[in-house]
Structures are given as C-alpha cells and as structure tokens.
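We did not get these values from a lab; they are worked out from the coordinates using the rules stated. Since this is a predicted model, take the numbers as computed values, not measurements. Note: ideal-geometry Cβ built from the backbone for every residue, glycine included; neighbour counts use all protein chains shown.
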Amino acid sequence: MEVLHHQFPANDFALLAIVLLLPAIGAFVNGIFGKRLGKSAVRLMALSAIGGAFLASLLTFLLLPHDGGRLSWLAWRWMSVNGQSGNLVPIDVKFSVDAMSATMMLVVTGVGFLIHLYSSEYMKDDPGYHRFFCYLNLFCFAMLVLITADNLPVLFVGWEGVGMCSYLLIGFWFGEEKNASAGKKAFIVNRIGDFGLIVAMCLLIYYCGNLSWDGIEKTSLGLLTPVKVWPIGNLSRETLPSFLGAILIPDKPVQVYAATLVALALFLGCAGKSAQIPLYVWLPDAMAGPTPVSALIHAATMVTAGVYLVARMHMVFVLSPAAMAVVAVIGVCTALLAASIGLFQHDLKKVLAYSTVSQLGFMFIGVGVGAFAAGFFHVFTHAFFKACLFLGAGSVIHAMHARIHDTDKSQDMRNMGGLKRYMPITRWTFFISCCSIAGLPLTAGFWSKDEILWSAFSAHVANPAAAVTARMAPYEWPSWLGQAIYWGAVLAATMTSFYMFRAYFMTFHGPFRGWTIVRGWKDPHAGHGHDDHGHDHDREESDKPLEGPEPHESPLPMTIPLVVLAAFAAFAGFLNAHPIHIAPLGHLLEPVFEGAGRFITEREGAKGMMWTMMAPGFAAFLAGTAAAMYVYLNRAGQPERQFAARAGWFYRLVYDKWRIDELYDATVVGMVDALADIFTMADKWLIDGVLARLTALLTALIGTLLRTLQTGRVQVYAAVMLVGLAGVGWFMAVPHAEVAMDDTSLRATGEVKLSAAPGYGYTFRWDGLAATDSQLTDRASVVVRLAPGEKKDVKVSVKNAFGLESVETVSLTRPGLPPGAKAPEAPRVPGMVRPDIPTGEIPADEIHKLLLPRGADQAGEKGEQK
Amino acid sequence: MSTVPVEYFLIVAAVLFVIGAVGFLLRRNLLVLLMSIELMLNSVNLTLVAYNRIHAANHAGQNLAFFVIAVAAAEAAVGLAIVLAFFRVRKTIHSDEANLLKN
C-alpha cells in the first residue's frame, strides 16, 4: 500500500490512465481486428479490458485519501479560452477521482464487466459480435472519461462519447427501420440537452472564470450576480402580435441569479441524458438495442450521468433554490408519469424502460431537494437491481427465442408465464431485484428510496449565501412543496411496486402461454374439421408442451452476473443505511458534499418523524405488491382485462404512453418538419433551380455560341491568330497618354506631382503650366503648385517614334479655406508624427486638436470634468 | 564603303512574312502550308539578324536565329510525319479533308 501511494501520488495519479486506456485499447483492437480474430479472441480482449479496468478502479478506490481529497492526473494541456475581462481560462485534459467518482467507476467497470460476461453468451450467434464488443468497450471508455473528468469540457467529451455509443448500440441491428430510427431519436433528443450543457459551460466561463470542479467551487460566489433576462430571447412586445406579447413577455426583464441560469442550463443537459420530462421520450424507444445494452447503458450507467452531473455540480445548484425546485418537481413528475405508463405495458423491456425513467425521476427528487448523497446512492443501488432486472429479462427473451424468433413476440409478457419451472435462477434473481426496486424493507432499493423520500419530506433548501450578498431576495421554497413531492413520490413508489410485480407474476407465474406463438400452431378448438389431429386437451391445460423446444435456463456466463447482481440488489443497501447508522458509503461521500451541507437544513416540524414517515413508503410497497399479486397471481390478469373493457379509452391512452409522442409529433416535430419542408423547397427551387440549373443553362448557351468558332479548320485558327497579332501590333504602334497623380501633400503645400506613363520613344509636352515651355521633351513628370482654392487643367501630349500623338487632360483642384482663416501651417517639430488630418473642412476652433498627440485632448477633457 | 541600311532588310522580311502568312491562309495543300510556315520563320530570322547588325556587340539576335532554325527543323520533321500519316489515312493532303475529329 505504501509503495502504491508512493508510486501514484495524489496529484499525479497515473493509474487513471490504465483505467481509461484499457477499454479504449479493447475497443480499438476489437474494432479494427475483431473480424479476423474470431469470437473467442474478441471475448477475451473485451473481458480482459473491462476486467482490468475494474481491478484498477478497485485499486484506485482503495488508494483514495481518507480526508476527502481527490486523486488527479493531468494528461495534457488542451487549450485556454478568454473569460470575462480577458482572463485566460485554462481547459486541460485532466482527470480526477473523489469518493463519488471512484464509487461510480466501480459501478461502471464492475457492472460493466458482468454485462460484458453476460453479452459474450447472449450475443454468441450474432454476426456482429466483434462490432458489439467494440462499441461496448468504447462505451465504457467514454463513460469513464465522463466520470473521471476534472472539468466540464472533458466531461462533455465523455458525455458525447456515451451518447454516440448509445446511438450505435440502439441501432445495433440497423437492418430494421425501427431500430435505426430509435437510435436517431435518442441521438437527436440528446442534442437538445447538450445545447444546454454548452450554454452552461459558456456561462460558467463568464461568471466563474473556471470550469474545473475545484475552481467552480472556489469561485461559485460569482454566480450570485443578479442577471436580467427576457424570457424569450430578446423579443420585445412590439415584434409579436399584441395578444401573444402580453401573455409571453412581461413588462420588465426577469431578474435572476446567474446560478439559476447555469443550473437550469445544466439541468437541460441532464434531462436529455437522464430521460426526464420533457426529453424522456427517447429512452423507451432505446430498448430496440440488444438487451445487455439496455442493462448497461440505458439502466445502470449512462442514463444516470445526468444525476451524476447534478451531484457533481452541487455547488452551483445549492446557490439557486429555484433551480433545485425545478429539478425536484421535474423529477417527481417524471417518476409519476413514467410509472403510470409502465402500469399497462405488455412488452417486458418497455415496462423496465419506463421503470428506469421513473427511478431516474426518484434520483432527481433526491438531488433536487439537496440530498445529493441520497440521490447518488439511488444511482448506485439502481445500477444493481435494474441491471439484474434487464439481464433477467434478457435471459427470459433468450429462453423465449427457443420458441419463436420474433423480437416483439418474444418480449411480450402475454406470451410468457410459468417460466419459473424452466428457469429457476432467472426467476429468483428477478424476484429479488423486484423486491429491491419495489422497496421491500432491508433490500438495497428500500434504503436508497426511503432516504430520498425522507429527504424530500424533511429538507429545507435555503440560500444563506445570497442573503449575505443581499443584492436580491432569493427564491424561497413554499412550505408545502417538499411534502407534495414526498406524497407524489410515495404514489410513484406504489405504482412501481405494482407494475414490477405485475411483470414478475406475468412472466414467471401461471401457465406458460408461449406454446401458442410457435409458427404453425393451431388452436385445437378453433378449427372445424381439424379435430382429427388428436390434440384434444384444454387450453387451461396447455402447461404441457405441445410440440417444439421448451424454454430453458440460460447458460452459466449469463446466470453468474444475475446472481452477483441480485446479491448486490439485496444487500448493497447496508452501505448507506442511515436510519440504522450503518453507512460506510455515506461517510465516504460526506466530504464531497460538505460544501452543500450548510445550504440544506432540516425543515421545522420534521424532526423526529423519520421512522413515522417510513410507514407510507412501506405501505406503498405492500399496497402495490398486494394489488399485483391479487390481479395477476390470484385472478390471472382478469381484472386488467375487465378494466380495459370498461374504460377502454383510458386504458388505451395510458397504453399509448399518454400519446406524448403523438403530441410531440404534432407540435415540435411538426414545426421542425414544416421548417425542413420550407428549406427543401428553397433547396429545390433556389439552389437546384436557380443556382445549379440556371448556371448550367448559361454555360451551355455560351458553349453553343463558342462552339461555332471551333471550326476545325487550321486556316481559320491561323487567321484569328493573325487578327490578334495585328491588334497587338496596333497597340504597340499607338502612343498612350496616362497620368498618375500624387496629391498627398496637396492640402499642406498645394503641390501635386504628375507622372506620365513611360514608353519606348515617347516624348512629352505639358501644356497649361506657366513655367514650362510647350516643346516636346523627355520629361515624364512635373510638379504643379496650386494656391488655395485654385483650379487648374493640365494637358499632356505624348508622341512616339512613329509621330503619332495622344492627349490627356487632368484637372486639379485645391480645396479652399473658410473665409478669413489663414492657411494652416503645421509646426514642424523634429521627430513628431504628424497627426492624420481628415479630409473635408475642419472648423477652425478644432484644428488645434489635430496637432496634439492622439488621446491627449480626451485626457484633457476628462481632467476638466473632474 | 556603304552598307545596306537596316530598313531594307526589314522590308524584305516583312514582305516574306506577309507572303508566308497569306500562303498559309489561302492554300489548302498541306505541303504548301509547311513551306509557308518555313517562309514566315525565315522572315523572322532575317529580322533578328538585321537588328543584330545595330547592336553588333550583342549576339542575342543571331543566337535566337539559330534557335529558330533548330525549332524549324524539328517542326518540319514532325509536320512532314503528320502529313505522311494523314496521307496514309485519307489518301489526300488537302487540309480541308482533315476533319476526322469533327462531329
């Protein structure tokens, strides 16, 4: 340990390079050589890369300083930008870890390793095996960059990297239109969020002059600058129709703290990446990717990056209670909305996807009410139980594929049921994770969710620092908001336990309904005259196999990750179980969020209610689970069908995800489409029509004209050459009188220098000059002197050797002086640069200013004012 | 001893050049065209050496004349080869018949 501390000092912690580079190398090797290496080599490369990264992360975690400091490693200096008043803001490729990022690193590499292991079996028969592992390793690399970044721009590199890998993996089976467009949707929706992140970076450069975590924390008080903002760009009321302007645009600009702007811009980025309202729509569609990808990227790691970023930027968020309120309210709304959609979905992966969105909402509730450690802890536990659930779902789908090779049908829970007989390991791990996410006491999900609920109920978010600067009253949370969030979250938790156990019972209990989905299967009761097949048994008895293969338990590389993850889903909660005072992870995270602590206090009247307020959370678990058990285990889904029949429109509305996608299509997407149509028209008619076609037409026309000259007869060409030669000869034989005029000193002295263009055998005569005679001389230039206000015409005659003559007349004028003024004679001080004298007339009383050195007059005026 | 003035040479050269040019433009026999080119080149040569008489110390004019002779020889060789090849294809040396690339 001592040796390692010596080898890797905290300020030059090169071990991070190993953590980062191993997955990058894995991605490179698999991407470039994977096809030739073969599947076993690809598997070895990918697994050893991520496994090595996990070991290095573990070592990093152990080497963390105990006093809450961070380990940092500067890879290279990248660039610097100009901040406010010309300060240089350095942007370095620098990485650092503290307790939070080290924990996250362990999750990413650890869960990542398990999912790699799982995928090596799950994707065994896929022709794109090497491509899959290349993307997966690349994703781990980008995610690690995101986590270990020491400043926002480097984080942004990782942020975009995971977005790209997510795009590549959602559209991994790009042969189907649906998958490719799901990938596109994820990418485009994320771009909207990234815009917010870029804006936040620019604002931080301006207000803080810093982009690294430490730097922002030190200079965060700069964010308490009040800023005036017009809500919609710089539109004024006059530019909009009056009825719109009155609604949308207030009389005066809104005054907010810069911290609010930065925090909201950051949160836009987080909402995109972490699938919050209004940008959550991409995540359910992202399930088009392979199931291990859904587990790793769209459940365990990437989508929690938004929560991570909010927790990372806590020093900005705590300065703005308003932004915190937005985060928490969006979080609870997302949790409720997604949970409600999850209630009636039939696709197993869709249920899990909406559950993920809902759980992300919980995390944002946590960070939104200032319980950063609690929010982050939910990220931690969610990674285990949700990854386990997804991998379990993948295992189920794998089993269902034994019956049918159809993506939709093999994921439809109506075709499952009774699988506990065939796949016990998957069933038990799925069950444990279900308990965990639903909040069975003592499981991981219980502890993390309960802490978030308690924080929402008890936290009081205030901004004492703003009160100190006293420039503007900060936003105060209304007293009911925390409790409203709490009850909303309890409702969402109830729905969570209901739909999770609905999924569990529909999948693993009851009769296996999958026999009917095999191609060629005929309902023995439907046919009239097909009865002589001899299949005489009842539909209720269809538990017995008819024909074809049975579903089966998955092989070992798929079940090991399930078991490990289920173990963590059950017991990881004890790392941060505050109510029973066992919280090693909590203590580790304490120094990270120390600065935020003084902004978040316990609300009046919440004292001592911790155990009491645990009851609604537990009741939510009991109610949801019991309801699911009654409906789907005891009554085999009968009540749901009855409900669907009775309130069909409502059932369909929820099943169609509240038609939010359709709403977006009709509004935002429709607007963008219309805009695109306009641009298409412009492209078609203006660019293609006018610019391209017309140019081509013109060229063709000129070509047709010129083609007539191309006769192909040598003599015609020779004749044209001869005509050209004659033209050149004529030009040579005729004199050309051209005069260049140099009037730089016209204003000062009245002198103008005239020079005629020279030529062979030229002689010149200058007429109109009193001093010169009118003989031909070889004087090519003369100086003419003019009195103020005088006008003069000078005629130049040029004669060449052939005796031909050419004439040009130049008229010269010197501007006059204002009446009564004397000609300004600049005093000639040696070494003094003459000031630029503007052309035109100068009032006499300002002339003296021109003679002073530049700036002297202004200084003098200022002095007088003082 | 009186010498012939430079102008006389120039006039002769100009007359030669015009004969060559007119011949090139008006005749259609490829061999005659080649001869016309020769005529024009030699008129230029004559101009060059005539001017060289004025600047006797400077031999640029004469040097240039040698260059022109060398180029003319090469040109004649290539030209005759082309004419020969053309004759083999079209069985004529009439320049208006050289229209294989047209249309």
Work out how much length A:F195 to A:Q715 would gain on full extension: take 0.36 nm times their residue separation and subtract the Cα-Cα distance, in nm to one decimal.
180.3 nm
Within 10 Å of each Cβ of A:717-723, how many other protein chain Cβ atoms are there on average?
2
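For A:T219 and A:E594, FRET efficiency with R0 = 30 Å and r from the beta-carbon atoms, rounded to 0.05? Present the calculation step by step, with values, prior to reporting the outcome.
On the way: r = 17 Å, r/R0 = 0.57.
Given R0 = 30 Å and the Cβ-Cβ separation, E is 0.95.
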Could you tell me, in Å, what Rg and Dmax come out for the Cα atoms of segment A:395-516?
22.1, 71
What is the P(r) of segment A:704-804, as percent of Cα-Cα pairs per 10 Å bin from 0?
13, 31, 20, 14, 12, 8, 1
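If R0 is 51 Å, what FRET efficiency do you get for A:A733 and B:N29 from their C-beta distance, rounded to 0.05?
Numbers: r = 34 Å, r/R0 = 0.67.
So the FRET efficiency works out to roughly 0.90.
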Taking the C-alpha atoms of segment A:88-226, how large are the radius of gyration and the largest Cα-Cα span, Dmax, in Å?
18.0, 60
Cross-link list A:K409/A:K657; A:K185/A:K228; A:K184/A:K684: which exceed 23 angstrom alpha carbon to alpha carbon?
A:K185/A:K228; A:K184/A:K684
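Find how much the distance from A:I560 to A:S181 grows on full extension, using 0.36 nm per residue of separation minus their present alpha carbon separation; answer in nm with one decimal.
Working: separation 379, 0.36 × 379 = 136.44 nm, distance 3.34 nm.
This chain segment gains 133.1 nm when fully extended.
Show me the three semi-axes of the equivalent ellipsoid for segment A:51-158, from the C-alpha gyration tensor (sqrt of 5 times each eigenvalue), largest first, rounded to whole Å.
They are 32, 19, 9 Å, listed from largest to smallest.
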Using modelled backbone amide H atoms (1.01 Å from N, in-plane), which distant-in-sequence or interchain residues come within less than 5 Å of A:R603's amide H?
A:A459, A:H460
Intensity falloff of segment A:580-659 expressed as log10 I(q)/I(0), Debye formula with alpha-carbon point scatterers, at q = 0.24 Å⁻¹:
-1.22
Exposure-ranked with fewest Cβ neighbours within 10 Å first, A:L675, A:L343 stand as A:L675, A:L343
Given segment A:350-408 reduced to its alpha-carbon atoms as identical point scatterers, what log10 I(q)/I(0) does the Debye formula return at q = 0.19, 0.20, 0.25 Å⁻¹?
-0.71, -0.75, -0.96
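Which value in deg cm²/dmol, rounded to the nearest 500, describes the helix-derived mean residue ellipticity at 222 nm for chain A, given -39,500 (n - 2.57) per DSSP H run of n ≥ 4 and division by the residue count? List each step's numbers first, then the result.
Details: 35 runs with 472 residues, N = 866.
Computed mean residue ellipticity for chain A: -17500 deg cm²/dmol.
Using mean Cβ contacts within 10 Å as the protection proxy, how do A:36-48, A:735-747 order, highest first? If you can, show how the numbers build up before the last one.
Numbers: A:36-48: 17.1, A:735-747: 14.8.
Highest to lowest by the protection proxy: A:36-48, A:735-747.
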Unit charges on C-beta of K, R, D, E only; dipole of segment A:594-701, Debye
520 debye
In Å, the Kirkwood hydrodynamic radius of segment A:1-81 over pairs of distinct alpha carbons?
14.4 Å
Once all Cα-Cα distances of the protein assembly as shown are split into 20 Å bins that start at 0, what whole-number percent is in each one?
11, 29, 19, 15, 18, 8, 1, 0
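First measure r as the distance between the Cβ atoms of A:Y664 and A:L74, then evaluate 1/(1 + (r/R0)^6) with R0 = 35 Å and state the FRET efficiency to the nearest 0.05.
Numbers: r = 43 Å, r/R0 = 1.24.
It comes out at approximately 0.20.
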Towards the positive end of the charge dipole of segment A:541-671, with charges on Cβ (+1 Lys, Arg; -1 Asp, Glu), say which of A:I560, A:P549, A:W611 has the farthest Cα.
A:W611
Charges at C-beta only: +1 for Lys and Arg, -1 for Asp and Glu. How large is the resulting dipole of the protein assembly as shown about its Cα centre, in Debye rounded to 20?
1060 debye
Rounded to the angstrom and largest first, Cα extents along the principal axes for segment A:247-315 equal 52, 32, 9
Quick check: pseudo-label points 7 Å beyond the Cα along Cα→Cβ at A:I702 and A:A10, how many nm apart are they?
7.3 nm
Over the alpha carbons of segment A:191-333, what is the largest minus smallest coordinate on each principal axis, giving the biggest first in Å?
53, 42, 24
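For segment A:691-734, what Kirkwood radius comes out of the mean inverse Cα-Cα distance, in Å? Intermediate values should be presented prior to the final figure.
Values: mean 1/r = 0.0782 Å⁻¹.
Here the Kirkwood hydrodynamic radius works out to 12.8 Å.
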Listed peptides A:691-697, A:431-437 by packing density, highest first (mean Cβ within 10 Å)
A:431-437, A:691-697
Suppose each label sits 7 Å from its Cα in the direction of the beta carbon; what would the A:A801-B:L84 distance come out to in nanometres?
4.4 nm
Per residue and in Å³, how big is the convex hull formed by the alpha-carbon atoms of segment A:605-758?
503 Å³
Extension gain (nm, one decimal) between A:T809 and A:L62, 0.36 nm per residue minus Cα-Cα
259.6 nm
Under the rule of at least 5 residues apart or a separate chain, name every residue whose amide H is placed under 5 Å from the amide H of A:S274.
A:G306
Once both labels are modelled 7 Å past Cα along the beta-carbon direction, what's the A:A17-A:A615 spacing in nm?
6.0 nm
Given Cα pairs under 8 Å that are at least 6 residues apart, what percent is the relative contact order of chain A?
9 percent
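Cα convex hull of segment B:20-103: mean projected area in nm², to one decimal? Numbers along the way, then the final one.
Values: hull surface 25.1 nm².
Average of the hull's projected areas for segment B:20-103 equals 6.3 nm².
Remind me, relative contact order of segment A:313-404 in percent, using alpha carbon pairs under 8 angstrom and six or more residues apart? Walk me through the numbers before you get to the answer.
Values: 89 pairs, mean separation 25.8, N = 92.
The normalised contact order for segment A:313-404 reaches 28 percent.
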